[in-house]
1. Within 10 Å of each residue's Cβ, count the other Cβ atoms and sort A:THR176, B:THR166 from fewest upward.
2. Calculate how steeply helix B:239-259 sits against the longest principal axis of the alpha-carbon atoms of chain B, using the helix alpha-carbon long axis, and give the answer as 0 to 90 degrees to the nearest 10.
3. With runs of 4+ DSSP H residues as the only contributors, calculate the mean residue ellipticity of chain A at 222 nm using -39,500 (n - 2.57) per run, divided by the residue total and rounded to the nearest 500.
4. Under a 10 Å cutoff between Cα atoms, tell me which one of A:ALA89, A:ALA219, A:ALA77 has the largest fluctuation in the Gaussian network model of chain A.
5. Check every DSSP H run in chain A and write down those whose alpha carbon atoms cover 24 angstrom or more along the long axis and whose mean Kyte-Doolittle hydropathy is -0.5 or greater.
6. So, in Å, what gap is there between the alpha-carbon centers of segment B:208-271 and segment A:220-234?
7. Among A:SER98, A:ILE208, A:PHE129, whose Cα sits farthest toward the positive end of the charge dipole of chain A (+1 at Cβ of Lys/Arg, -1 at Cβ of Asp/Glu, about the Cα centre)?
8. What is the dipole size for segment B:1-108, taken about its Cα centre, with +1 at each Lys and Arg Cβ and -1 at each Asp and Glu Cβ, in debye to the nearest 20?
Amino acid sequence: MKRLIEGVPLRGLLLLAVCAVLLIAAPYFVSDYVLSVLIIVLYFAYTGQAWNLMIGFAGLLSLGHALFVGIGAYASAALFIHYGIGPWAGVFVAIAASVAAGCFIGYLGFRFSIHGVYFALLTIAFAEFTGIIVDHIRWLGSTEGFFLPVSNRQTVDLLNLRGSQAMFYYVILGLTGAALVLCRLLLNSKLGYYWQAIREDQESAEAIGVHLFRYKMIAVAISSGLTGIAGVWYAFYYNNLFPESTFATGKSIEIILGPVVGGVGTLFGPILGAFILTPLGEVLTSLTEGLKIDGVKQLFWGACVAAIVLFRPTGLWPWISSLLGLDPRRDGDKR
Amino acid sequence: MPAEIYLNVAVSGLLTGLIYGLSTLGLSVIFGVIRIVNFAHGEIMVVGMFVTLMLFRWLGIDPLLSIPIVAVALFGFGYLLQDWVVRRVAHLADHMQFLLMAAVAVILISACLMIFGPDAQGVQVAYALESYQVGPLIVDKVRLIAGIAALVVAGALFAFFRYTATGKAIRACGDNYAGALVVGLNVRRLFALTFGIGCACLGAAGAILLLIVDVHPYLGPAYTLLAFIIVIVGGMGSLPGAMLGGILIGMSEALAGILLQPSLKSAFSFGLLILVLLLRPQGLLGKAAR
């Protein structure tokens, strides 16, 4: 507990508590539409946090995180549809499968010392490859899609993840909070310092005795496992899975947008980014609906992202954090 | 199935592969010199295809004749893109550069969508249905012309980098950035030129490709991924490697299309990519990583 809040200024803790209370109370005072937007926001905050763990902490660029979402989603959905095994058990299979896939890619990549852009392309290749393979597996619904039985939205069955919108909201909120705590603990642990050493200078880290292969693998394993859990939630929230849309590179890009906008390598960057981008997308949709021109929304979208990369390349969180005076007081703790 | 079918498919794959190779030259030149992975590659080529389409529709210019026009137009586009936008992210981390190029790609797709609509559109040239017969081999005239045109443009590019002073200066920037600055090369201008040349390749490849493929805005991402596969198989930054990779992927795609299922052909290419990344990460003709 001490490690969790050490060095965080009091007003930061207060602000965090206020945000947490607001989020927990949200289902009681917002409309269904706002709640559905919040659910998507939290989904991207969570997956962004998981992605950020690899690139922001350990410096490993993955552009294929949709792979882990897809594996988690398909694994749990297959167990549920074919064997009636609920997600409470399926989530473990999903984590195992995602971690196995992540470790496989990581093993191949790090073993043959593939890094930087090449590693990123390897992750894209695996995601696209898996998507095409799933496309041809009849057992997983192939191109026609994989559908979970539509649930009763009134009752709440947490073990089987069947229930109301609010239940899905609390599940993803809990996951996001847990991921935040986990990342905070990891970042300030010995493991986290090893990762940051690798991120800053791989050769130097190796020279002082950091086992590159081992710690990179741990980063990939944790990140892919966390993302796999998001996959389970995704499958049971949307109730339908299509290989083309689940594994596409576009989906991986959606995951990384939040952290990049918010600030790669920061704890609150992925969350802030998701809270900015998803509502922005919704606003753009409603604004451009009347125009009846295809592509206007995407045009704005691309322009926003380009503007952030060009004018705020460190992301928005470091800037907002210093505006609010939330920077840690300790020396040498800042990025 | 008789052997002639495989031969025919292989030849047609080879000719398509030459066009792939030409377009990948654009990616390879940019990466080899500026060290930026152009994630908007396919989208820029689609823009080239649309420009060719407009020239054909409005002025009746044959796609083959419009190659130089499209190449010049996209050269200008690439030059300005590098000088105004991409240059500003050169010092940022890989993922930021990636994101900027992905944003450029999204902007280009949506601009094409707004201007040209979502439907697939193609050109119908007079010689579209003609073919040559050599023994058991039947070669589409369009494909043959397209393949030869791709070879010619690629040859011109090789000559440019090998024999002209500007070409050598560009290679110098790629080989040793600091050295190029020290000897007084105008690196900023040369980088912009490089990006322009890369995009000109894409324009030429797009113009040629329009002969055999109908264009629509969503064509871009598939070609971006395809070019990545080719450039890694052939070797990032290696120009002959890009052509070789293009031919290999073109042929393997065509053969996978009849041996397995057409829908599995890209899985086959991705499989090839994974193999190459593992066994020879610098690519078939690439230099060892620095």
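Since every read-out is calculated from the coordinates, none of them should be taken as a lab result. Everything numeric in this text was worked out from a predicted model, so none of it was measured. Neighbour counts are summed over all protein chains in view; Cβ atoms, including those assigned to glycine, are modelled from backbone coordinates with ideal geometry.
1. Values: A:THR176 24, B:THR166 14.
Neighbour counts put them in this order, fewest first: B:THR166, A:THR176.
2. It works out to around 30 degrees.
3. -23500 deg cm²/dmol
4. Highest fluctuation of the listed residues: A:ALA89.
5. A:10-29, A:32-52, A:66-83, A:87-111, A:117-135, A:165-187, A:212-238, A:269-289
6. Rounded to whole Å, the Cα centres lie 31 Å apart.
7. The listed residue farthest towards the positive side: A:ILE208.
8. Numbers: 4 positive and 5 negative charges, 58 e Å.
The calculated dipole for segment B:1-108 is roughly 280 debye.
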